[in-house]
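Single-structure report; data block below.
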Amino acid sequence: MQARKRFSFMLVVVLASLIIAACGAETPATTAPSASGAAAVSGKISLLLPDTDTTRYETADRPYFEAKMKQLCPTCEVIYNNANADASLQLQQAEAALTNGVQVMVLDPVDSAAAAIIADKAKAQGVPVISYDRLILNSDGVSYYISFDNEQVGKLQAQSLVDELARLGKTNPQIVMINGSPTDNNAALFKKGAHSIFDPLVAAGKLTIVKEYDTPGWSPDEAQNEMQQALTAMGNKVDGVYAANDGTGGGAIAAMKSAGLNPLPPITGQDAELAAVQRIIVGEQYMTVYKAIKPEAEAAAEIAYALLTKTPVNNASSKVANGKLDVPSVLLTPLAVTSANIGDTIVKDAFWSLEQICTGDFAAACATVGLK
Ligand code: BGC
């Protein structure tokens, strides 16, 4: 009895001293940040996105960026502008943001080369610039670049198309290439990646690129006109279409439908736009490239916050040359998506839910491709 009491007493003493020690260790850690004013951080961040024809900017990039920023810095203000594919409007928006006193700028340039002026102006005012999704060329005012492996995007699109044409038994198929905007550095990278797959086949006489277009402003209407021209020139004989994104792919599909092509030839895309995912399910579009925009937008917000608070940035492990400097970069991995893996990618990530994809008219097609 005595021994047990002594043991209990000692246990209480040991536990009490452990608790006191733990409290003592924690106190400075929890009070220090508020004492140093971390909770009081505030600031203005400019987010400049390039176009409205492409749905990702309003449905994903902007809301994911703003939500992450709010979480990191509840009292910060995000000043948002979309340039509607107009480089001079974007310049005005950027100048207005600088006049407004933004401390960090996140810029997805309409024109990768022309945006050097914006980054130079920002630098002159001591405002760091994050080059978002598209690289800003020839400026040393770019602090970070966040994007995907964009050449790989073009390779995935081209390889998927080549594989599908082979599966359909096409020998020396005739394809049309509908590339993106000639002022977007990404469009050049998608095109380069795609050509790295197509060109050896063309040289070997196994593929013919009958028409190729660059599409100003990534406009779906322009893409529709381009496809119409190609169809007229080829007497509607098209075996496949390389479209650089879902918007241009949608334009090309509209042109082929109104020319009466049935079935439609395989056509590529990019962005996993809801309308494109639904076209894939019903068999109007062959594939898209899914780029998980949430981690892209969140990485941008994290880096913007680090720049605002002058704390180290830890996740920019690559370097990409922009003509003036090697920009510390975060490069994410794109994925090819067909009806076979929508569930394992887009739905699994909650990029789109089954309820959003498989609405009314699409419910039966979802069941056919095993999406439920
Ligand atoms: C983006 C694509 C987008 C295109 C048109 C590119 O720079 O990477 O995701 O579809 O611009 O806005």
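Observations on the model:
- Solvent exposure of region 70-159 amounts to 37 Å² per residue of accessible area, where only protein heavy atoms count and the probe is 1.4 Å.
- Among Leu307, Tyr286, Ala276 the positive-end extreme of the charge dipole of region 267-316 (Cβ point charges): Leu307
- Taking the Cα centre of region 324-372 as reference, the dipole from Cβ charges on Lys and Arg (+1) and Asp and Glu (-1) amounts to some 60 debye.
- In order along region 320-329, the phi-based Karplus estimate (6.51 cos²θ - 1.76 cosθ + 1.60, θ = phi - 60°) of 3J(HN,Hα) comes to 10, 6, 10, x, 10, 7, 8, 8, x, 9 Hz; Gly and Pro are listed as x.
- Highest-fluctuation residue, Asn262, Asn138, Asn322 considered, GNM on the chain with Cα pairs under 10 Å: Asn262
- Test item: Cα-centred dipole of the chain, Lys/Arg +1 and Asp/Glu -1 on Cβ, debye: 1420 debye
- Counting only DSSP H runs of at least 4 residues, each contributing -39500 (n - 2.57), and dividing by the residue count of the chain, the helix-based mean residue ellipticity at 222 nm comes to -14500 deg cm²/dmol.
- Comparing mean-square fluctuations of Lys324, Lys211, Lys294 from a GNM of the chain with C-alpha springs under 10 Å, the top value falls on Lys324.
- In sequence order, region 348-358 has phi-based couplings of 4, 7, 6, 5, 9, 8, 4, 5, 6, 6, 8 Hz under the Karplus curve 6.51 cos²θ - 1.76 cosθ + 1.60, θ = phi - 60°, and Gly or Pro positions carry x.
- Measuring between alpha carbons in the structure, the pairs from Lys291/Lys319; Lys123/Lys155; Lys44/Lys123; Lys170/Lys257; Lys257/Lys348; Lys170/Lys191 lying more than 26 angstrom apart are Lys123/Lys155; Lys257/Lys348.
- Region 290-322: trypsin sites (Lys or Arg not before Pro) in DSSP coil with no more than 16 other Cβ atoms inside 10 Å: Lys310
- Computed across region 102-200, the Kirkwood radius stands at 15.1 Å (inverse of mean 1/r, all Cα pairs).
- For region 258-326, the calculated P(r) over all alpha carbon pairs, in 10 Å bins from 0 to the bin holding the longest distance, is 16, 27, 22, 20, 12, 3 percent.
- Result for the chain in a Gaussian network model with C-alpha springs under 10 Å: among Thr288, Thr54, Thr208, the largest mean-square fluctuation is at Thr208.
- Protein accessible area in the chain, 1.4 Å probe - carbon and sulfur %: 56 percent
- Region 288-315 versus region 58-80: alpha-carbon centroid distance in Å: 11 Å
- 4 °C / 1.567 mPa s Stokes-Einstein diffusion coefficient of region 194-335, Kirkwood radius on C-alpha pairs, µm²/s: 73 µm²/s
- Distance from region 340-372 to region 90-158 (C-alpha centre basis), Å: 35 Å
- Pairs of C-alpha atoms in the chain farther apart than 28 Å represent 52 percent of all such pairs.
- ³J(HN,Hα) computed for each position of region 210-223 - Karplus, 6.51 cos²θ - 1.76 cosθ + 1.60, integer Hz, glycine/proline x: 7, 9, 9, 10, 9, 10, x, x, 6, 6, x, 5, 4, 4
- Looking at region 165-304, the accessible area is 36 square angstrom per residue; that uses a 1.4 Å probe and ignores ligands, DNA and RNA.
- Shape parameters for region 281-372, alpha-carbon atoms, Rg then Dmax in Å: 18.4, 53
- All Cα-Cα distances of region 289-339, cut into 10 Å bins from zero to the largest, leave 21, 42, 28, 7, 1 percent in each bin in turn.
- Taking Cβ atoms as reference points and 15 Å as the exclusive limit, the residues near Ile209 contribute a net charge of +1, counting Lys and Arg as +1 and Asp and Glu as -1.
- Close amide H partners of Leu332, meaning residues 5 or more places away or on another chain with modelled amide H under 5 Å apart, are Ser147, Phe148, Asp149.
The values are calculated or read from the model by the stated rules, or taken from the named source; none is laboratory data. Keep in mind that this is a model prediction, so the values were computed, not measured. Because the Cβ atoms are built from the backbone with ideal geometry, glycine has one as well, and the counts that use them run over all protein chains shown. Note: areas computed on protein heavy atoms with side chains; ligands, DNA, RNA excluded. Shrake-Rupley method; radii C 1.70, N 1.55, O 1.52, S 1.80 Å.
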